[in-house]
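K.L.:
Below is the structure I would like to discuss, written out as structure tokens.
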Amino acid sequence: PVEEQNCHFEPKKICELQQKTRPKKAKKYSYTKDCKEQPREICDQCEKKSIQPVCDMQERLQCTYVPKESCRDEAKQYCHKVEKVVVKEVCDMKFDTKYL
């Protein structure tokens, strides 16, 4: 008997995992108002504090100052310039009035 090879292509399945997340459903809560009256408690005992200054008398130093007056005369010379006017007679032929 002769053996023959029977070759053929078989499709290969490739499987991949995909992560999918489903949103969670939030629970629905329902609230109802339940109000009860509660009496207020008023107390009549109160503590009051007040601040008062506490002063101590302290002695302050007192200073007395009497200045001594001492004067003396000093001989000094003070110089200053004074304008001096000098009248000078000029005899010149230009100012001669005889030839008129």
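The values are calculated or read from the model by the stated rules, or taken from the named source; none is laboratory data. All figures in this text were calculated on a predicted structure; none of them were measured in a lab. Accessible surface is based on the protein model in full, side chains and every heavy atom, while ligands, DNA and RNA are left aside. Shrake-Rupley method; radii C 1.70, N 1.55, O 1.52, S 1.80 Å.
K.L.:
When you scan region 19-35, do you find a residue that is aliphatic (A, V, I, L, M), open to solvent by 100 Å² or more (accessible area, probe 1.4 Å) and assigned to a loop (DSSP other than H, G, I, E, B), even just one?
P.N.:
So far as region 19-35 goes, no, none of its residues is aliphatic (A, V, I, L, M), open to solvent by 100 Å² or more (accessible area, probe 1.4 Å) and assigned to a loop (DSSP other than H, G, I, E, B).
K.L.:
Let me ask another. Condition test on Cys46, is it within 54 Å of the chain's Cα centre (by Cα), modelled with pLDDT under 80 and open to solvent by 100 Å² or more (accessible area, probe 1.4 Å)?
P.N.:
Criteria met by Cys46.
K.L.:
Pro67 - would you say it is at pLDDT 75 or above, assigned to a loop (DSSP other than H, G, I, E, B) and either open to solvent by less than 100 Å² (accessible area, probe 1.4 Å) or aromatic (Phe, Trp, Tyr) (or both)?
P.N.:
When the stated conditions are applied, Pro67 passes them.
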